[in-house]
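Notes for the one structure printed next.
The values are calculated or read from the model by the stated rules, or taken from the named source; none is laboratory data. Remember, it's a predicted structure, so these values are computed and weren't measured experimentally. Cβ: placed from backbone, ideal geometry, glycine included. Neighbour counts: every protein chain shown. The accessibility values were calculated without ligands, DNA or RNA, using every heavy atom of the protein model including side chains. Shrake-Rupley method; radii C 1.70, N 1.55, O 1.52, S 1.80 Å.
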Amino acid sequence: MAAAAATRAARRLLVASRSASEGAAREATRRSFIHPAAVVHPDAVIGQGVSIGPFCTVGASARIGDACQLQAGSHVMGDTELGERCVVLTGAILGSDIPGQTIIGENNVIGHHAVVGVKCQDLKYKSGDECFLQIGNNNEIREYCSIHRSSKSCDCTVIGDNNLIMGSCHIAHDCRIGSNNIFANNTLFAGHVVVEIAQDVPRYMMVAGDRAELRGLNLEGLKRNGFSDQEVRMLRKAYQKVFMPAIDSQSSFDDRLAELGLS
């Protein structure tokens, strides 16, 4: 009896110890860490589980979402909102102490020394005018990119979701960038550029030019997504039949689709 009681007491002690450890871990996760060498304005809003490294600055109007990471020497200025689980790498600057606002969504990575949400370079911009930038979720903005706010209070620079913006790209004032784009290094967009395709692109295809025209199968994309060699050959034949008919062919586009059972 005594042994059984001792065993039950030991189990209760073990459960209590585990609960206390888990509670401490959850509390540690909720707590934010601000390095002593960081300068964070007391009016800034800091979420739970935020990590702010040395030599960072966070301005009075900044709002940092839960679980964000600001690495050493990064800066959040002006009326800037950073969504949850964003990572700001060393040297990056978000926002600016000018009228207007920068809003950045969740799960974004801002690369080393990127400059996001600063004043535009449009000579028509008037000092004191409000200007805006809005960025969606799950974007990767790589090192040395620059993304500017709008040039007027009635406009907004907009970037959608799930974009990869490679190193040293520039997106100027009032651009409107959609979602799921990949911009290679040093891609430059002047003001008021809209990135979209006016008509749907057939699946598995590549387009190029202005206006966009078909340029064949996206072979690399097919391989990355597990298409077999036989499946690629079948798609190539279908592409040639539908989009590359013989010069003397009298069949319509719908007729060629019907032959493949796609109408």
- [ ] Report, in degrees rounded to the nearest 10, the 0 to 90 angle that the Cα long axis of helix 2-30 makes with the longest principal axis of the chain.
- [x] 60
TODO: With the full set of protein chains in place, find how many percent of the accessible area of the chain is carbon and sulfur; take the probe as 1.4 Å.
DONE: 52
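Of H112, H173, which has the most accessible area with a 1.4 Å probe, and how do the rest follow in descending order? Display every interim value, and only then the final one.
Numbers: H112 80, H173 20 Å².
Descending order: H112, H173.
If the chain were replaced by its equivalent ellipsoid, with semi-axes equal to the square roots of 5 times the Cα gyration tensor eigenvalues, what would those be, largest first, whole Å? Working shown, then result.
Numbers: eigenvalues 436, 226, 37 Å².
The answer is 47, 34, 14 Å, longest axis first.
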TODO: Would you mind computing, in nm to one decimal, how far apart the modelled labels at V193 and E259 are, each placed 7 Å from Cα along Cα→Cβ?
DONE: 4.0
- [ ] Sticking with the crude label model, points 7 Å out along Cα→Cβ, report the distance from S249 to N162 in nm, one decimal please.
- [x] 3.1
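I want the local charge near N138. Using Cβ-Cβ distances under 13 Å, sum +1 for each Lys or Arg and -1 for each Asp or Glu among the other residues. Each step should come with its number before you reach the end.
Working: positive: R85; negative: E84, E106, E140, D161.
The answer is -3.
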TODO: Mind ranking S151, S61, S251, S127 by accessible surface for me, highest first, 1.4 Å probe?
DONE: S127, S61, S251, S151
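What does the charge add up to near V194, with Lys and Arg as +1, Asp and Glu as -1, over the other residues with Cβ less than 13 Å from its Cβ? Provide the component values of the computation, followed by the final result.
Numbers: positive: R176; negative: D155, D174, E196, D210.
Residues close to V194 contribute a combined charge of -3.
When only the heavy atoms of the protein chains count and the probe is 1.4 Å, how do H148, H113, H192 rank by accessible area, highest first? Kindly include the intermediate steps, with their values, before the conclusion.
On the way: H148 15, H113 85, H192 105 Å².
Ranked from most to least accessible, the order is H192, H113, H148.
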Open item on the list: Please compute the Kirkwood hydrodynamic radius over region 134-184, one decimal place, Å, based on all pairs of different Cα atoms.
Closed with: 11.0
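Of the lysine pairs in the chain, how many meet both conditions: Cα atoms under 21 Å apart, and a spacing of 8 or more in sequence or different chains? Before the final figure, lay out each step's value.
Details: K119/K152; K124/K152; K126/K152; K223/K237.
Close lysine pairs under the 21 Å cut-off: 4.
Just to confirm, what accessible area per residue do you get for the chain at 1.4 Å probe, in whole Å²? Provide the component values of the computation, followed by the final result.
Numbers: 15600 Å² over 263 residues.
With the other protein chains kept in place, the chain gives 59 Å² per residue.
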Task: Value of [θ]222 nm, deg cm²/dmol, for the chain, DSSP H segments ≥ 4, -39500 (n - 2.57) each, nearest 500 - done: -7000 deg cm²/dmol
- [ ] Only loop residues by DSSP count here, and only those with at most 11 other Cβ atoms within 10 Å; note down the trypsin sites (Lys or Arg not before Pro) in region 181-263 that meet that.
- [x] R203, R211
Task: With all protein chains modelled, accessible area of E81 [1.4 Å, Å²] - done: 70
- [ ] Report, to the nearest 10°, how far helix 229-243 tilts away from the longest principal axis of the Cα atoms in the chain, using its own Cα long axis and a range of 0 to 90°.
- [x] 50
- [ ] Net charge near M206: determine it from the other residues with C-beta under 12 Å of the C-beta of M206, scoring Lys and Arg +1 and Asp and Glu -1.
- [x] 0
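Chymotrypsin sites (Phe, Trp or Tyr not before Pro) within region 129-223: which are DSSP loop residues with at most 15 other Cβ atoms inside 10 Å? Walk me through the numbers on the way to the answer.
Working: sites: F132, Y144, F183, F189, Y204; in loops: Y144, Y204.
Here no loop site has a sparse enough neighbourhood.
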- [ ] Enter the accessible area of E143 (Å², nearest 10), with the probe set to 1.4 Å and all protein chains included.
- [x] 60
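May I ask what percent, to the nearest 5, of DSSP beta bridges between residues of the chain are antiparallel? Provide the component values of the computation, followed by the final result.
Working: 3 of 51 bridges.
Taking every DSSP beta bridge within the chain, about 5 percent pair in antiparallel fashion.
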